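The values are calculated or read from the model by the stated rules, or taken from the named source; none is laboratory data. Because the structure is predicted, anything quoted here is derived from the model rather than measured. When we count neighbours, we look across all protein chains shown, and the Cβ atoms used for this are built from the backbone with ideal geometry, even at glycine. For accessibility, only protein heavy atoms count, side chains too; no ligands or nucleic acids. Shrake-Rupley method; radii C 1.70, N 1.55, O 1.52, S 1.80 Å.
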Amino acid sequence: MPYQIPRCQVVPIPDHQASFVIDGRERLRWHFGQNYPRPFFFPLNGPSGSSLTRMGHPGAPNHDHHQSVWFAHNKVVGIDFWANGLPPRIQQKEWLAYVDGDSEAVMAVKLGWYDGHDPRELLEQELIVSVRSGGEAKEEGAAETLVELQSTFRPTSEMLEFGKTNFGFLAVRVAKNISAHFGGGTLTDSEGRVGEPAIFGNQARWMDYSGPVPGDKVEGITYFDHPSNPRHPTHWHVREDGWMGASACFADPLTTTRDKPLVLRYLLHAHAGSANNAEAGPVFERFAKERPFAVTKSTVRNVMWAVGRTL
């Protein structure tokens, strides 16, 4: 059989980046250069091709740590991994697998969380990312994108505490035009609440930020919390200025151990149109039924690690 190029690919590119491409079009890009205090994803492109996220706050330079889509936490045994300009850093230690396919592209990497003093990491984050199309295009050339993110946090000590805080673990800074304050966007949640005052600190299965994008269209990101996550449905930290994050430690601390590491699973849906809970509901139900990923030793020649769903 002649070789066929997979529809979905993870393409390593210069300057410590990896591009997720479906049908020849970039949907998402991973940045892991050590000149940044932590890795991040940018852009997350919507169906029309414009980025639905941005780097930094539109009006506050002291929020440059808001890097599109990123992992962080500001109370890891009391150490702040959230803000810029401090010694703690999150760095990619190695990539494990780039898996291309017709239905999804999958990346697995190991990240180290370093306090800035001890050369050994406080904890290791195994991050597995799946990028796939979100169903049929609503119009020509405008397919939606699903980004599934699974993180396993394993400490080097026997146990580690993530303290009570609004800030952590996965944060999303939307594009200026999508924010409620700086653009024409709207925040809504799975329970039908609208706007920051009604949503902030409350629990919901998912959150959505949608607004106008170039080309006189409306697009957005729905951010889903998996039912297996601790304290599901999660509390949400949201802002009218264009920010949303699932706050797993909003009410109480969380602990992770070497023998039973903390696993968190989230899904981002880059969609066309305004928020629609009738459409988000089935996406959530499918995500809820998905088995988690696992990294295993590969039995395939020239491939060290394999990534697949658990049985």
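Which condition number in (1) under 20 Å from the mean Cα position of the chain (by Cα); (2) surrounded by 15 or more Cβ atoms within 10 Å (Cβ to Cβ); (3) in contact (Cβ under 8 Å) with a residue 40 or more places away in the chain is the one that PRO12 fails?
Tallying (1) under 20 Å from the mean Cα position of the chain (by Cα); (2) surrounded by 15 or more Cβ atoms within 10 Å (Cβ to Cβ); (3) in contact (Cβ under 8 Å) with a residue 40 or more places away in the chain, PRO12 fails exactly one: (2).
If we keep just the residues of the stretch 276-297 that are in a loop (DSSP other than H, G, I, E, B) and under 27 Å from LEU127 (Cβ atoms), which is least open to solvent (accessible area, probe 1.4 Å)? Break it down into steps so the answer makes sense when it comes.
Let us first name the residues in the stretch 276-297 that are in a loop (DSSP other than H, G, I, E, B), namely 276, 290-292.
Subset that is under 27 Å from LEU127 (Cβ atoms): 290-292.
Details: GLU290: 63, ARG291: 122, PRO292: 38 Å².
By that ranking, first place goes to PRO292.
In the stretch 25-39, what residues are free of Cβ contacts under 8 Å to residues at least 60 places away in the same chain and of a type in the set (A, V, I, L, M, F, W, C)?
none
Conditions first: (1) of a type in the set (Ser, Thr, Tyr); (2) under 21 Å from VAL172 (Cβ atoms); (3) without any contact (Cβ under 8 Å) to a residue 24 or more places away in the chain. SER48 passes all but one, so which condition is the exception?
(3)
For the stretch 148-180, which positions are within 22 Å of HIS269 (Cβ to Cβ), in a strand (DSSP E or B) and not basic (Lys, Arg)? Write out each step before concluding.
From the stretch 148-180, those within 22 Å of HIS269 (Cβ to Cβ) are 148-151, 168-180; that's our starting set.
So of that shortlist, the ones also in a strand (DSSP E or B) come out as 148-151, 168-174.
GLU148, LEU149, GLN150, SER151, GLY168, PHE169, LEU170, ALA171, VAL172, VAL174 - these are the residues of the stretch 148-180 that are within 22 Å of HIS269 (Cβ to Cβ), in a strand (DSSP E or B) and not basic (Lys, Arg).
Answer yes if at least one residue in the stretch 184-192 is in contact with a strand residue (DSSP E or B) (Cβ under 9 Å, 6 or more places away or on another chain), open to solvent by 10 Å² or more (accessible area, probe 1.4 Å), among the β-branched types (Val, Ile, Thr) and modelled with pLDDT of 95 or more, and no otherwise.
Yes, some residue in the stretch 184-192 is in contact with a strand residue (DSSP E or B) (Cβ under 9 Å, 6 or more places away or on another chain), open to solvent by 10 Å² or more (accessible area, probe 1.4 Å), among the β-branched types (Val, Ile, Thr) and modelled with pLDDT of 95 or more.
Could you tell me which numbered condition GLY211 fails, if it satisfies all but one of (1) touching a strand residue (DSSP E or B) at 6+ places or on another chain (Cβ under 6 Å); (2) crowded, with 23+ Cβ neighbours inside 10 Å?
Going through (1) touching a strand residue (DSSP E or B) at 6+ places or on another chain (Cβ under 6 Å); (2) crowded, with 23+ Cβ neighbours inside 10 Å one by one, GLY211 breaks only (1).
Please name all residue pairs, on different chains or six or more residues apart, with Cβ atoms under 9 Å, provided the first residue is in the stretch 158-173 and is in contact (Cβ under 8 Å) with a residue 12 or more places away in the chain and the second residue is of a type in the set (D, E, K, R) and surrounded by 24 or more Cβ atoms within 10 Å (Cβ to Cβ).
Listed by first residue and then by second, the contacts come to nothing, as the list is empty.
Let's see how each residue does on (1) in contact with a helix residue (DSSP H, G or I) (Cβ under 9 Å, 6 or more places away or on another chain); (2) of a type in the set (Ser, Thr, Tyr); (3) in a loop (DSSP other than H, G, I, E, B):
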position: TYR3; (1), (2), (3): no, yes, yes
position: GLU26; (1), (2), (3): no, no, no
position: PHE41; (1), (2), (3): no, no, no
position: PRO47; (1), (2), (3): no, no, yes
position: ALA72; (1), (2), (3): no, no, no
